[in-house]
Structures are given as structure tokens and as C-alpha cells.
Amino acid sequence: MNLTPEEQQRYARQLALPEIGAAGQAKLRAGRVLVIGAGGLGSPAALYLAAAGVGTLGLMDGDTVELSNLQRQILHATADVGRRKVESAAEKLRALNPRTELRLFPERFTAANAPARLADFDFVVDATDNFASKFLIADACHAAGRPYVHAGILRYHGQLMTVLPGKTACYRCVFEQPPPETGAPPQGPLGVVPGVLGALQATEALKFLLGVGQLLTDRLLIFDALALRFREVPVRRNPFCRLCREQPGTITSGYRTACRSGRR
Ligand SMILES: [Zn+2]
């Protein structure tokens with residue numbers, strides 16, 4: 001791949017990594033990553049992916065920036081309060097790396113739009129903040145055969161897992177169904193917790209595009225910010241998983257039926 005002088009300077013440090021080089025940079029330029037959620041997780045994830053030179057970045061979020069977001073959602077600034085998150089995010093990402101093509105989706109991820117959105121991307125970053133979206137992403141990515149990295153955060157804790165649908169343990173293998181909604185007001189998180197986890201999600205996306213290292217598959221990584229510990233729990237494909245076992249049972253969310261027509 002021919003790199004312009006500007007690219008040679010911009011990516012000099014990673015071009016010097018033997019596992020990347022010009023060939024790896026070409027893979028990143030050809031890479032298409034969909035970041036679902038432009039909040040606490042999506043901010044660092046999208047920033048690092050754009051900085052690294054990922055060619056196409058999709059940003060999906062139906063919300064507008066609120067003042068209470070700024071404690072952790074570092075793509076957005078005080079002057080952005082009231083703006084659509086995807087537009088606020090795009091402005092920062094364009095300033096960081098105008099070479100990255102941004103595709104903006106100012107909408108929630110739904111069973112209806114999932115097949116069309118997933119079709120145009122190679123890898124998905126689940127940067128959402130609610131169980132309903134996480135289960136929907138797991139189901140939709142399974143149907144589309146699209147790899148994804150899950151992250152969840154709560155107070156001072158985070159968890160991370162990468163899924164290659166049909167090959168490794170899926171989100172539903174580990175978490176069978178959404179917990180009941182408590183209606184309690186959210187506590188936390190400490191802003192750096194999604195910062196750490198979002199950066200790790202970007203790490204997984206880059207490794208996937210580059211084909212280097214070992215992905216965080218069949219392992220659940222658990223982060224405790226207070227103790228400053230990472231620990232890892234091995235996970236396996238659940239032979240009774242309602243999503244990814246050989247003959248799937250009924251998905252109560254109804255997603256499977258809703259997206260079947262759009263399946264590629
Ligand atoms: Zn499963």
C-alpha cells in the first residue's frame with residue numbers, strides 16, 4: 001500500500017510495529033467498525049479507532065448530549081449540550097483524523113434497522129448502556145454472523161468479552177436473559193471505568209482488523225477499579241444457549257423473527 005507522507009508521519013509509531021507496518025495499516029484503512037453508542041464507552045473506543053486510521057467508522061446513537069454525560073463521555077464538551085451525540089462526536093473525530101470516513105446514524109439500534117446497519121460493517125463495538133440493547137446486539141450479530149465486543153459497566157466495575165458468532169461463547173451463553181428492570185436511579189459509574197473498558201474495546205477491534213494477537217474470546221474479563229484488579233473468568237459455549245446452540249430455541253425478544261427477512 002502506498003502511504004502518503006502525511007500518513008507515514010501520522011501512523012509512524014504503529015507502522016514501526018512489526019505486526020502492523022504498511023500492510024497492517026492497509027487493513028485498518030479497509031476496516032469498517034460500527035460503534036453502537038456514542039457515550040462513555042463509545043467515546044474512547046471511537047477516538048482510538050479514528051486515531052489508528054480505521055477507514056470507516058459508523059456511529060449510532062439516538063440521544064442528545066446532556067450536562068450529566070460530560071463526566072464520562074469525553075467526545076462531548078460543554079458547548080455540545082443539546083446537540084445530537086453523533087454530530088458532536090463526528091466533529092471531534094473529523095478534527096482528529098479527517099481520513100476516517102464517518103457514517104452517522106442518529107437512531108437507536110433496533111431489530112428493524114439491525115440487518116441493514118450490520119451488513120455494512122466488519123466488526124461491532126457494543127458501547128450501549130442498557131441490557132435490552134446488549135441482548136439485541138448479541139442476537140442481531142449472531143443472525144448476521146458479525147463479530148462484536150461486549151462491554152458492561154456498573155459503578156466501579158466493568159466487564160468485557162469478544163464474540164465470534166457460531167465459533168465462541170456468545171453473550172447469551174454467559175447471560176441468559178436480561179435481569180428485571182429495577183427502576184432505581186443509576187449509580188455511577190466512575191467516569192474512568194467506561195474509559196478503560198472503551199479503550200479495551202478499541203483494542204479488540206484493532207486486533208480483529210489486523211489479525212494479530214489473541215482476541216478476548218471464551219473469556220470474560222472483569223475490571224475492579226477500586227481494587228485496581230483485572231481478573232478473567234473462562235466461559236464456554238453453553239450447549240443449551242437459546243441463541244447459539246445448534247438448533248436454537250425461541251428467542252423471547254422476538255428479534256429472530258423480526259430480522260429473518262433481512263438476513264444475508
Ligand atoms: Zn450462546
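The values are calculated or read from the model by the stated rules, or taken from the named source; none is laboratory data. Note that the structure is predicted; figures quoted are calculated from it, not measured. Quick reminder, even Gly has a Cβ in these numbers, built from the backbone with ideal geometry, and neighbours come from all protein chains shown.
Tell me yes or no: at least one residue of region 204-214 is touching a Leu at 6+ places or on another chain (Cβ under 9 Å), in contact (Cβ under 8 Å) with a residue 12 or more places away in the chain and under 18 Å from H157 (Cα atoms).
no
Just one of G188, G198 is surrounded by 13 or more Cβ atoms within 10 Å (Cβ to Cβ), closer than 21 Å to F135 by Cα, more than 16 Å from the ligand (Cβ to nearest atom) and not polar (S, T, N, Q); which is it?
G198 is the lone residue from the list that is surrounded by 13 or more Cβ atoms within 10 Å (Cβ to Cβ), closer than 21 Å to F135 by Cα, more than 16 Å from the ligand (Cβ to nearest atom) and not polar (S, T, N, Q).
Can you list residue pairs whose Cβ atoms sit under 9 Å apart, with the first residue in region 1-13 being surrounded by 10 or more Cβ atoms within 10 Å (Cβ to Cβ) and modelled with pLDDT under 95 and the second being of a type in the set (G, A, S) and part of a helix (DSSP H, G or I)? Count only pairs 6 or more apart in sequence or on different chains.
M1/A22; M1/A23; M1/A26; L3/A22; L3/A26
Does any residue in region 23-40 that is touching a residue at least 40 places away in the same chain (Cβ under 8 Å) come within less than 6 Å, Cβ to Cβ, of a residue that is of a type in the set (S, T, N, Q) and crowded, with 22+ Cβ neighbours inside 10 Å six or more places away or on a different chain, and which pairs are these?
I36/T128; G37/T128; G39/Q73; G40/Q73
For a quick check of your reading of the model, give me the residue pairs whose first member lies in region 95-124 and is farther than 13 Å from G53 by Cα and surrounded by fewer than 17 Cβ atoms within 10 Å (Cβ to Cβ), whose second is modelled with pLDDT of 95 or more and polar (S, T, N, Q), with beta-carbon atoms closer than 7 Å and at least 6 apart or on different chains.
R103/T56; E107/N113
Read through the list (1) touching a helix residue (DSSP H, G or I) at 6+ places or on another chain (Cβ under 7 Å); (2) under 23 Å from R72 (Cα atoms); (3) of a type outside the set (S, T, Y); (4) without any contact (Cβ under 8 Å) to a residue 60 or more places away in the chain, then give the number of the only condition that G195 fails.
Going through (1) touching a helix residue (DSSP H, G or I) at 6+ places or on another chain (Cβ under 7 Å); (2) under 23 Å from R72 (Cα atoms); (3) of a type outside the set (S, T, Y); (4) without any contact (Cβ under 8 Å) to a residue 60 or more places away in the chain one by one, G195 breaks only (4).
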